[in-house]
1. Ranking Ser19, Ser32 by Cβ neighbours within 10 Å, fewest first, what do you get?
2. At q = 0.24 Å⁻¹, what log₁₀ I(q)/I(0) does a Debye calculation on the Cα points of the chain give, no solvent, two decimals?
Amino acid sequence: MRNNRSAVYSIVENRPGNSLIIRDMCNGGQLSVTNDAELVVEELHNQGLLPNNRRLFYYDTDNQLDELVHDGPVFKGFAPGPQ
C-alpha cells in the first residue's frame, strides 16, 4: 500500500512490446525504488504496465541502469542492467 514514504519514480520509456524503463526520483524524503521494489513492481503490474513477460529496468539514484526481476506482481530480485 502506497504511503508518504513510498518510492517516487517516473516512466522513461513505455513502448508496447519493449521493456518498461523507470527512473528513481527519490529526494531523500521517500524510499528509493531499490528499497521499495516490492511496491513498485506490484503497482506497475496493477496499472497494466507490467505484464508477466515484460522486463522492468530502472535508473537508480546513482543513475545506474539495473533490472527489477518479477513474476507478475511479485518482485523476485535484482539483476544487472545492460552494459
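1. Listing Ser19, Ser32 from fewest to most nearby Cβ atoms yields Ser19, Ser32.
2. Relative scattering, expressed as log10 I(q)/I(0), comes to -1.24.
Quick note: the coordinates plus some simple rules give every number you see, no bench work behind them. Quick caveat, the model's predicted, so the values are computed rather than measured. Methodologically, a virtual Cβ is constructed for each residue, glycine included, from the backbone with ideal geometry; neighbour enumeration extends over all protein chains shown.
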